[in-house]
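J.: Sharing a structure, written as structure tokens. Questions coming.
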Amino acid sequence: MKTTVICPGSFDPVTLGHIDIITRASGMFDHVVVGVLNNLAKNPSFTTEERIALLSEATTQLDNVEIVGFDGLLADYTKQHGINAIVKGLRAVSDFEYEFQQALTNKKLNPELETLFLTCNSEYMYLSSSIVKQVAALGGDISSFVPECVHDKILERLKSK
Ligand code: PNS
């Protein structure tokens, strides 16, 4: 049986921490769907289309990775698309409570769905999309935070926000 997993998130914008998790999942599973949440409650810096385009460019070398936008419940999306498991990165203990709550909610909504956590690379322990936005907005160097191929596009947008 082929295993399809989903790496869901806001990706506003994609960071090297996200790429690390997606790359490792791509080496472990047959098919990796990167699910970009469409209906962000918070005001996103990048539109769904922009976030999808940045992720597509940054994962172009990974043949078994597909980038999609999704709305509504993740548990419903996985059921409708034959996805076997959710793969998420865990950075620190502080992530755990929120991630555990989401994993249990998703399991309740779709009992066949598993959530797998990959320990993040220690180099990216501190990294988040919010940190990227904050540093860029204040004129800092984000080159070690985001994929090189999309660095300029991310910087342009965040500078002009
Ligand atoms: O990158 P983020 O913001 O931590 O990603 C959160 C995400 C997209 C994984 C989560 O908000 C999500 O799955 N949203 C879809 C709505 C849903 O299914 N909610 C119930 C599970 S808690």
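The values are calculated or read from the model by the stated rules, or taken from the named source; none is laboratory data. Given the structure is predicted, the values throughout are model-derived calculations rather than measurements. Don't worry about glycine lacking a Cβ; one is built from the backbone with ideal geometry, like all the others, and counts go over all protein chains shown. Keep in mind that these areas ignore ligands, DNA and RNA; they rest on the heavy atoms of the full protein, side chains included. Shrake-Rupley method; radii C 1.70, N 1.55, O 1.52, S 1.80 Å.
J.: Classify the range 15-82: rounded, prolate or oblate, from the alpha-carbon gyration tensor (a ≥ b ≥ c, eigenvalue square roots; a/c under 1.5 rounded; otherwise prolate if a/b is larger than b/c)?
T.: On the way: a/c = 2.06, a/b = 1.18, b/c = 1.74.
Note, shape of the range 15-82 comes out oblate.
J.: On to the next question. Run lengths n ≥ 4 of DSSP H only: what is the helix-derived mean residue ellipticity at 222 nm for the chain, with -39500 (n - 2.57) per run over all residues, to the nearest 500?
T.: My calculation for the chain gives -12500 deg cm²/dmol from helical runs alone.
J.: Roughly speaking, what is the centre-to-centre gap between the range 40-86 and the range 134-161 when only Cα atoms are used, to the nearest Å?
T.: Going from one Cα centre to the other spans 21 Å.
J.: Which net charge results when you count Lys and Arg as +1 and Asp and Glu as -1 among the other residues whose beta-carbon is under 15 Å from that of Leu74?
T.: Residues near Leu74 contribute -1 overall.
J.: Place +1 on the Cβ of every Lys and Arg and -1 on the Cβ of every Asp and Glu in the range 4-125, take the dipole about the Cα centre, and give the residue among Gly89, Val36, Ile21 whose Cα lies farthest towards its positive end.
T.: Of the options given, the answer is Gly89.
J.: Next up: Springs between alpha-carbon pairs under 10 angstrom, Gaussian network model over the chain: which of Pro147, Pro13, Pro111 fluctuates most?
T.: Most flexible of the set in this elastic network: Pro111.
J.: Right, here's the next one. If I model a spin label as a point 7 Å beyond the Cα along the Cα-Cβ vector, how far apart are those points for Lys2 and Glu112 in nm?
T.: Between Lys2 and Glu112, the label points sit 1.6 nm apart.
J.: First compute the accessible area of the chain with a 1.4 Å probe, then give the percent of it belonging to carbon and sulfur atoms.
T.: 54 percent
J.: Oh, and also: How many Å² of accessible area per residue for the chain, probe 1.4 Å?
T.: Roughly 55 Å² per residue, with all protein chains present.
J.: Say we join alpha carbon atoms closer than 10 Å with springs in a Gaussian network model of the chain; which of Thr59, Thr105, Thr78 then has the biggest fluctuation?
T.: Thr105
J.: Any idea what the relative contact order of the chain is, in percent, if you count C-alpha pairs under 8 Å spaced at least 6 apart?
T.: Once normalised by length, the contact order is 29 percent.
J.: List the residues whose amide H sits under 5 Å from the amide H of Cys7, counting only those 5 or more places along or on another chain, with H placed 1.01 Å from N in the peptide plane.
T.: Amide H to amide H, under 5 Å and 5 or more residues apart or across chains, Cys7 pairs with Val33, Val34, Gly35, Val87.
J.: Subtract the Cα-Cα distance of Glu123 and Asn43 from 0.36 nm times their separation in residues, and report this length gain in nm to one decimal. It would help to have the intermediate numbers written out before the result.
T.: On the way: separation 80, 0.36 × 80 = 28.80 nm, distance 2.83 nm.
Difference between extended and current length: 26.0 nm.
J.: If you don't mind, another one. Taking Lys2 as the anchor, which aspartates and glutamates have their alpha carbon closer than 19 Å to its alpha carbon, excluding any fewer than eight residues away along the same chain?
T.: Within the straight-line cut-off, Lys2 pairs with Asp30, Asp63, Glu66, Glu112, Glu114.
J.: Now, a different point. Can you tell me how the range 4-125 classifies by the Cα gyration tensor, rounded, prolate or oblate, using a/c under 1.5 as the rounded cut?
T.: Rounded, because the longest to shortest axis ratio a/c is under 1.5.
J.: Continuing with the same structure: If you place +1 on the Cβ of every Lys and Arg and -1 on the Cβ of every Asp and Glu, how big does the dipole about the Cα centre of the chain come out, in debye to the nearest 20?
T.: Using only the charged Cβ atoms, the result is roughly 340 debye.
J.: Rounded, prolate or oblate: which one fits the range 50-105, using the alpha carbon gyration tensor with axes a ≥ b ≥ c (rounded when a/c is under 1.5, else prolate when a/b beats b/c, else oblate)?
T.: Verdict is oblate for the range 50-105.
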